[in-house]
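The values are calculated or read from the model by the stated rules, or taken from the named source; none is laboratory data. Worth saying up front: this structure is predicted, and the values here are computed from it rather than measured. Neighbour counts run over all protein chains shown; Cβ positions are idealised from the backbone, glycine included.
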Amino acid sequence: MKKIALATTILSAMTAFTPLSYAADKDAEFFQNIKGEWTGPGEVVAGKYKGTKFVCTLAGTTPEAKIGMTLDGSCRVGVFSQAMKATVLRSGKSYNGAFNDGAAGKGLDIVSGSVNSDRVVLGLNRKELDGAMLARISDPNTMNVTVSVRVDKELIPVIGMSLKRVDQVAVGSIKKRK
């Protein structure tokens with residue numbers, strides 16, 4: 001009888017921690033898929049610069065002991081190039097970080113976020129501007145990014161990008177054979 005009670009107690013303790021660690025592992029797994037070199041076209045689809053096309057080249061990295069990622073590189077329109085950097089880290093049950101130098105500078109703050117399966121949704125803020133960024137990895141070599149801003153109570157897409165992996169990084173459970 002004591003063995004059954006002890007086994008039940010151990011099993012209960014193990015299952016009590018499983019959902020949290022499982023969720024954290026799934027988030028970490030998603031961000032591991034961001035690692036590598038990405039490039040691709042984008043377009044401003046609404047607003048003052050609607051129709052402006054650009055090309056981005058970004059390097060995805062993940063921190064050693066935390067869950068999150070950094071995309072760092074540049075986007076160019078014609079001969080003009082602009083540095084781009086987004087860093088997001090898990091904070092409790094959500095995420096925070098900054099796009100470029102954050103809202104205190106000329107960028108945006110990342111104020112919230114969640115990871116679901118093949119996508120991350122991040123809340124963006126700069127003074128009165130609220131928005132969201134959705135990054136979806138549709139396959140190991142394709143990441144689609146949409147940035148939307150809140151107008152009244154509706155999110156309006158303003159930027160869309162389609163990035164392709166241009167390195168040979170093995171991601172997730174897919175391992176490249178030599």
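Does region 151-167 contain at least one residue that is in contact with a Lys or Arg (Cβ under 7 Å, 6 or more places away or on another chain) and either under 15 Å from Ala28 (Cα atoms) or not in a strand (DSSP E or B) (or both)?
For region 151-167, residues in contact with a Lys or Arg (Cβ under 7 Å, 6 or more places away or on another chain) and either under 15 Å from Ala28 (Cα atoms) or not in a strand (DSSP E or B) (or both): absent.
Kindly indicate the residue of region 56-91 that is under 14 Å from Leu122 (Cβ atoms) and in contact (Cβ under 8 Å) with a residue 24 or more places away in the chain and also surrounded by the most Cβ atoms within 10 Å (Cβ to Cβ) among those meeting that condition. The extreme case among them is Met69. Taking residues in region 125-141 that are at pLDDT below 95, and partners anywhere that are outside any loop (DSSP other than H, G, I, E, B) and acidic (Asp, Glu), the pairs with Cβ atoms closer than 7 Å and at least 6 places apart or on different chains are Arg126/Asp109. The residue pairs whose first member lies in region 143-168 and is under 15 Å from Leu129 (Cβ atoms), whose second member is outside any strand (DSSP E or B), and whose beta carbons are closer than 7 Å, counting only pairs six or more residues apart or on different chains, are Ile156/Ala46; Pro157/Val45; Pro157/Ala46; Val158/Val45; Val158/Ala46; Val158/Gly47; Ile159/Val45. Scanning region 56-82 for residues that are within 30 Å of Lys26 (Cα to Cα) and of a type in the set (A, V, I, L, M, F, W, C) turns up Cys56, Leu58, Ala59, Ala65, Ile67, Met69, Leu71, Cys75.
Screening region 1-88 for strands (runs of 3 or more DSSP E) wholly inside it with 3 or more residues that are modelled with pLDDT under 95 and among the basic types (Lys, Arg) returns no ranges. Screening region 92-101 for residues that are touching a residue at least 24 places away in the same chain (Cβ under 8 Å) and of a type outside the set (A, V, I, L, M, F, W, C) and picking the one that is nearest to Val166 (Cα to Cα) gives Gly97. The residues of region 140-150 that are part of a strand (DSSP E or B) and out of contact with any Phe, Trp or Tyr (no Cβ under 8 Å at 6 or more places or on another chain), listed by number, are Thr142, Asn144, Val145, Thr146, Val147, Ser148, Val149, Arg150. Would a scan of region 129-139 turn up a residue that is among the β-branched types (Val, Ile, Thr), more than 12 Å from the chain's Cα centre (by Cα) and part of a strand (DSSP E or B)? Checked against the condition, which is being among the β-branched types (Val, Ile, Thr), more than 12 Å from the chain's Cα centre (by Cα) and part of a strand (DSSP E or B), region 129-139 yields no hits at all.
Checking each residue in region 20-77 for being of a type in the set (A, V, I, L, M) and within 19 Å of the chain's Cα centre (by Cα) picks out Ala23, Ala24, Ala28, Ile34, Val55, Leu58, Ala59, Ala65, Ile67, Met69, Leu71.
For region 113-120, the condition of being in a strand (DSSP E or B) and hydrophobic (A, V, I, L, M, F, W, C) holds for at least one residue. Residue check: is Asp118 of a type in the set (D, E, K, R) and either closer than 20 Å to Ser138 by Cα or loosely packed, with under 12 Cβ neighbours inside 10 Å (or both)? Yes. Within region 99-112, identify whether any single residue is within 13 Å of Ile34 (Cα to Cα), within 18 Å of the chain's Cα centre (by Cα) and in a strand (DSSP E or B), and answer yes or no. Within region 99-112, none of the residues are within 13 Å of Ile34 (Cα to Cα), within 18 Å of the chain's Cα centre (by Cα) and in a strand (DSSP E or B).
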